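Heads up, the thing below is written out as structure tokens.
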2 protein chains.
Amino acid sequence: MIAPSTTLCPPDMLDLANAMADAVRPVIRRYFRTRMVVDAKSDASPVTIADREAETLMRQMISARFPDHGIRGEEFGLHQPEADWIWVLDPIDGTKSFISGSLAFGTQIALLHRGQPVLGIIDQPITGERWLGQAGAIAVLNDVVIRCSETRRIEDAVVYTSALEHFDADGGARCSRLANRARFQRTSHDCYAAALLALGTVDLLLEGNVHDYDILPQLPIIEGAGGIVTDWEGQPLADARQFKTVLMAANKGLHAAALDLLRD
Amino acid sequence: MIAPSTTLCPPDMLDLANAMADAVRPVIRRYFRTRMVVDAKSDASPVTIADREAETLMRQMISARFPDHGIRGEEFGLHQPEADWIWVLDPIDGTKSFISGSLAFGTQIALLHRGQPVLGIIDQPITGERWLGQAGAIAVLNDVVIRCSETRRIEDAVVYTSALEHFDADGGARCSRLANRARFQRTSHDCYAAALLALGTVDLLLEGNVHDYDILPQLPIIEGAGGIVTDWEGQPLADARQFKTVLMAANKGLHAAALDLLRD
């Protein structure tokens, strides 16, 4: 079970996280809106040269600074999975946005201590926006403290979903039940939607069938900004490689109201 | 009928178009990601203070420089509709994106000569990206010439749609028939999707039940970048205030392939 961590991120690890996000920016900028070699992974998501170069660079930086730390990356799998400290890397979350020239993507980094995320980063390498959160402590956008919204009613809530095609029929129906009651719904923003939830301009985020590296970097940011992350039954996320449903809400009242509509 | 214009935009009108886009940037930036008063128009789309202030400013600039020109704006309707030269203004296209903090919105400006669009601008006031097109002549992003893609096959095409909820059941089914064959589909980007089509990173754009001010500013940009704009039957857009279907394609081959799937 993944619970809000009470461990603060050690300063030298915070420094490394920022240094990694800094280092991958020029790599990603070099390939943005250029013709890229794109191949198909087993799950048919596009993988680009930029993805691989960025993750390789971050892995080298972690191994140089903290050789006993573990790594879980989107592109190159597990390294020292039994370590106390594990880095979770998603070099380009929102690859479809990236490939098609949209700014709705980001580099995601999480640091886990004994399975609990203590630090999360969403970095937009083109605009220079960096969201950083420490669970239970704080969330910032470019060093300015941010808070989730105080929107309480579904009717007033802006709902984002990263990709409707990730839901099965049941998930799609439950999502629609909520979205039809909301102020409006938007899609196709991946991690950028979580960043906007932490910023207070989006109120609810629904995800289905997502990987751990998609979500774990977002947890400390959302929770650091006062938001709540559970599955669609209101349970904490399991310690798993994939999550069938994820609900992120700006506050407790809205979280409860959303669960009422999402529950079977 | 709206056809690619052979009239080039006079330099003093081009200057005014750029000056208007410059002038509204600080207005829109002032309200971006802040709490705004939002009310509901008859079609339930959100209208913000930023929208109204930006359109008012542009109308004042047009009337001061070219008092005999006509104006069609999203917020304040028609002014001198019989004039030879008509400015079409959409201060914030993608209001839902704007309200929720996403960058997938823009200021749109078109200049029509006797009903035919000769100049179009899509300006992103936060990132400072400005797409500008002259029909049959050229399209640029921040003064760099851009071209639509050479993608020929539906299977290789990236398809954007601004909002699936704009389609009726028949339109949704036709859109899905095409999208299911495409490389992938993304939504919720409004005018920013048209900008990416002109840039060559998006290959097809499908719209349903959109207003003239949504589309007319995009025509000279798409056509200036070598793309094609018709309805879903392959006909030029009618000279109307609303378009039931719009298809934008990167090139002739892809346009024909898309029509094959869209036609009833």
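The values are calculated or read from the model by the stated rules, or taken from the named source; none is laboratory data. What you are looking at is a predicted structure, and each value in this text was computed from that prediction instead of being measured. Please note: Cβ atoms are built from the backbone with ideal geometry, for glycine as well, and neighbour counts cover all protein chains shown. Just so you know, the surface numbers come from the protein's heavy atoms only, side chains and all, with ligands and any DNA or RNA stripped out. Shrake-Rupley method; radii C 1.70, N 1.55, O 1.52, S 1.80 Å.
Assorted remarks:
- Applying the criterion of being under 15 Å from the mean Cα position of the chain (by Cα) and not hydrophobic (A, V, I, L, M, F, W, C) to the residues of region A:107-124, the residue that is most open to solvent (accessible area, probe 1.4 Å) is A:Gln116.
- Listed by first and then second residue, the pairs linking a residue in region A:93-121 that is more than 14 Å from chain B (Cβ to nearest Cβ) to a residue that is polar (S, T, N, Q) and part of a strand (DSSP E or B), with Cβ atoms under 6 Å apart and 6 or more places separating them unless they lie on different chains, are A:Asp93/A:Gln108; A:Leu119/A:Gln134.
- Within region B:238-256, if we keep just the residues that are touching a Leu at 6+ places or on another chain (Cβ under 8 Å) and among the aliphatic types (A, V, I, L, M), the residue that is farthest from B:Gly77 (Cα to Cα) turns out to be B:Leu254.
- B:Gly94 under 20 Å from B:Ile121 (Cβ atoms), modelled with pLDDT under 95 and small (Gly, Ala, Ser): yes
- Search result, residues across region A:213-243 that are surrounded by fewer than 22 Cβ atoms within 10 Å (Cβ to Cβ), touching a residue at least 60 places away in the same chain (Cβ under 8 Å) and outside any loop (DSSP other than H, G, I, E, B): A:Tyr213
- Filter pass, A:Gly208 being of a type outside the set (A, V, I, L, M), more than 10 Å from chain B (Cβ to nearest Cβ), closer than 30 Å to A:Glu82 by Cα and assigned to a strand (DSSP E or B): yes
- Members of region B:192-205 found to be within 11 Å of chain A (Cβ to nearest Cβ) and of a type in the set (Gly, Ala, Ser), listed by number: B:Ala193, B:Ala195, B:Ala198, B:Gly200
- The listed residue being within 13 Å of another protein chain (Cβ to nearest Cβ) and at pLDDT 90 or above, out of A:Arg33, A:Arg25, A:Arg52: A:Arg33
- Applying a threshold of 8 Å to beta carbon distances and a minimum spacing of six or more residues, or different chains, the list of pairs starting in region B:182-197 at a residue that is over 15 Å from A:Ser188 (Cα atoms) and small (Gly, Ala, Ser) and ending at one that is modelled with pLDDT of 95 or more and surrounded by fewer than 24 Cβ atoms within 10 Å (Cβ to Cβ) reads B:Ala182/B:Ile154; B:Ala182/B:Glu155; B:Ala195/B:Gln124; B:Ala195/B:Glu129; B:Ala195/B:Leu141.
- The residues in region B:129-143 that are more than 10 Å from chain A (Cβ to nearest Cβ), open to solvent by less than 50 Å² (accessible area, probe 1.4 Å) and modelled with pLDDT of 90 or more can be counted, and the count is 7.
- Of all residues in region B:74-92 being open to solvent by 10 Å² or more (accessible area, probe 1.4 Å) and closer than 22 Å to B:Arg30 by Cβ, the one that is farthest from the chain's Cα centre (by Cα): B:Phe76
- Odd one out for B:Ala104, checked against (1) part of a loop (DSSP other than H, G, I, E, B); (2) hydrophobic (A, V, I, L, M, F, W, C); (3) surrounded by fewer than 24 Cβ atoms within 10 Å (Cβ to Cβ): (3)
- Checklist (1) surrounded by fewer than 22 Cβ atoms within 10 Å (Cβ to Cβ); (2) under 27 Å from A:Val202 (Cα atoms) applied to B:Leu196, failing item: (1)
- Scan of region B:199-212 for residues that are surrounded by fewer than 24 Cβ atoms within 10 Å (Cβ to Cβ) and in contact with a helix residue (DSSP H, G or I) (Cβ under 6 Å, 6 or more places away or on another chain), ordered by number: B:Gly208, B:Asn209
- Among residues of region A:44-73, those that are over 19 Å from A:Asp15 (Cβ atoms) and open to solvent by 40 Å² or more (accessible area, probe 1.4 Å), counted: 5
- B:Arg177 meets the conditions (1) farther than 22 Å from B:Pro91 by Cα; (2) touching a residue at least 40 places away in the same chain (Cβ under 8 Å); (3) of a type outside the set (A, V, I, L, M, F, W, C); (4) not in a helix (DSSP H, G or I) in every case but one. The failed one is (4).
- Summed over region A:144-177, residues that are at pLDDT 95 or above, over 22 Å from A:Thr107 (Cα atoms) and crowded, with 19+ Cβ neighbours inside 10 Å total 6.
- In region A:1-22, of all residues being open to solvent by 80 Å² or more (accessible area, probe 1.4 Å) and outside any helix (DSSP H, G or I), the one that is modelled with the highest pLDDT corresponds to A:Leu8.
- Restricted to region A:55-92, and to residues there that are of a type outside the set (D, E, K, R) and in contact with a Phe, Trp or Tyr (Cβ under 6 Å, 6 or more places away or on another chain), the residue that is farthest from the other protein chains (Cβ to nearest Cβ) is A:His69.
- Checking A:His189 against (1) at pLDDT below 95; (2) away from every other protein chain (no Cβ under 11 Å); (3) in a loop (DSSP other than H, G, I, E, B), the condition it does not meet: (2)
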